[in-house]
Amino acid sequence: MKEKKDCKIVQDLLPNYIDKLTSKETNTYIEEHIKDCNECQKILEAMQKDISVEDKKREKKKIKYIKKYNHKLRILKISLLSIIFIIIILFAAFPGRNMMIIASLQNKFKEYEQQSDNVYIKTLYYPSQAIATYDNYYKDGVEKHVMTFPEDNVTSMQYVYPNQSKTFVDGPDYKKLSIMGGQYLYNPLNNYTYYDSLKTLFVMSRSYDITTGDLNGKACYILRATYKKETTGLELYIEKDTGLVLQTTQPVSVNGEDRGIITIQYQYSFGTVTDEDMQEPDATEYTLIEDE
Ligand SMILES: [Zn+2]
């Protein structure tokens, strides 16, 4: 009977015992009782089992929640990264992409600029209003420009030296020579992508829309000016491999009068100009025209 009473007390204490809320003395009392009492021992085991099942359920719920939370967090992270990535791309695409293109074209151009002490450049004008072709020879600081005007059957050959220039004109029924003083020596190559600082590179990169295309089978970047009103319409085809301009298109106006769009194409040949190419024609065949 005494035991039964003890059992009741022990069983009342068990939940607190499991939750470790009971005192040391109570614990000793419960443990000693359970050693000798099968019934209470079973009840304790059953209670512990229940609690562990409950705990597992709770744990599962918690894991589920964490997983769900993590999933949401991951989606948020991915979205955030995507947005940042898109912003970077937008910023990089313009003007970063243009800056990279212009810088790479200028690097290539500089290689050819070093070889410009010997270069032949053929220039073709469209529509061929006045000049159909323009042959330019550059060798050792001397220039020769040959202009042909097919409609008038006239050819002009200009030789430019550091201190003077001579122009030989072959007309349909005449040959004239004029000699002039110091002439400005042209830079054979048009450096359209020139920049001298990161700032000018940045400004330039914002001045053009750059697309890709090809001209006569050569891969090009097409630069369209977007800056000043008067230069809008300037379009440059610059060869990807060389950085050299292959074509320019620009509206032309003379004294404010619109003269339409002129396209100029350039063909280059480096290191092929010979002394013979630079040879002047026989001056005795020409009538010397006095300076005015
Ligand atoms: Zn008992």
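Here are some notes:
- Reachable lysines from Lys56, criterion Cα separation under 26 angstrom, eight or more residues apart if same chain: Lys20, Lys42, Lys64, Lys67, Lys68, Lys72
- Between region 20-82 and region 170-200, the alpha-carbon center distance in angstrom: 91 Å
- Rounded if a/c under 1.5, otherwise prolate or oblate - region 1-54, Cα gyration tensor axes: oblate
- Pairs of lysines in region 118-289 whose Cα atoms sit within less than 14 Å of one another amount to 5, provided the residues are eight or more positions apart or on different chains.
- With the simple spin-label model, which puts each label point 7 Å out from Cα in the Cβ direction, the Asp135 to Lys64 separation comes to 8.9 nm.
- Taking each DSSP H run with n ≥ 4 as -39500 (n - 2.57) and averaging over every residue of the chain yields -13000 deg cm²/dmol at 222 nm.
- Solitary cysteines of the chain, where the nearest other Cys Cβ is not under 4.7 Å: Cys7, Cys220
- Inter-part distance where region 104-121 and region 255-286 are each reduced to a Cα centre, Å: 18 Å
- Nearest 10 degrees, 0 to 90: helix 38-91 Cα axis against the chain principal axis: 10 degrees
- In summary, the chain shows an alpha-carbon radius of gyration equal to 2.36 times the 2.2 N^0.38 Å reference for compact globular proteins.
- Loop trypsin sites (Lys or Arg not before Pro), region 164-208 (other Cβ atoms within 10 Å of the site Cβ: 15 or fewer; DSSP): Arg206
- Modelled spin-label separation between Glu151 and Arg97, with each label point placed 7 Å from Cα along the Cα-to-Cβ direction: 4.2 nm.
- For region 118-289, share of DSSP beta bridges that run antiparallel, in % to the nearest 5: 95 percent
- Among Met99, Met47, the order by Cβ neighbours within 10 angstrom, fewest to most, reads Met47, Met99.
- Counting every other Cβ atom within 10 Å of each residue's Cβ, Tyr159, Tyr29 order from fewest to most as Tyr29, Tyr159.
- Restricting the GluC sites (Glu not before Pro) of region 103-189 to loop positions (DSSP other than H, G, I, E, B) with no more than 15 neighbouring Cβ atoms within 10 Å leaves Glu151.
- Using C-alpha pairs below 8 Å separated by at least 6 residues, the relative contact order for the chain is 16 percent.
- Acute angle (nearest 10 degrees) that the helix 2-18 long axis makes with the longest principal axis of the chain, alpha-carbon atoms: 10 degrees
- The fewest-to-most ranking of Thr272, Thr155, Thr148 by surrounding Cβ atoms within 10 Å reads Thr272, Thr155, Thr148.
- Relative contact order (%) - region 118-289, alpha-carbon pairs under 8 angstrom, separation at least six: 22 percent
- Nearest 10 degrees, 0 to 90: helix 24-36 Cα axis against the chain principal axis: 70 degrees
All of the numbers you see were taken from the coordinates with simple rules; none came from a lab. Keep in mind that this is a model prediction, so the values were computed, not measured. Every residue, glycine as well, gets a Cβ built from its backbone with ideal geometry; the counts of neighbours run over all protein chains shown.
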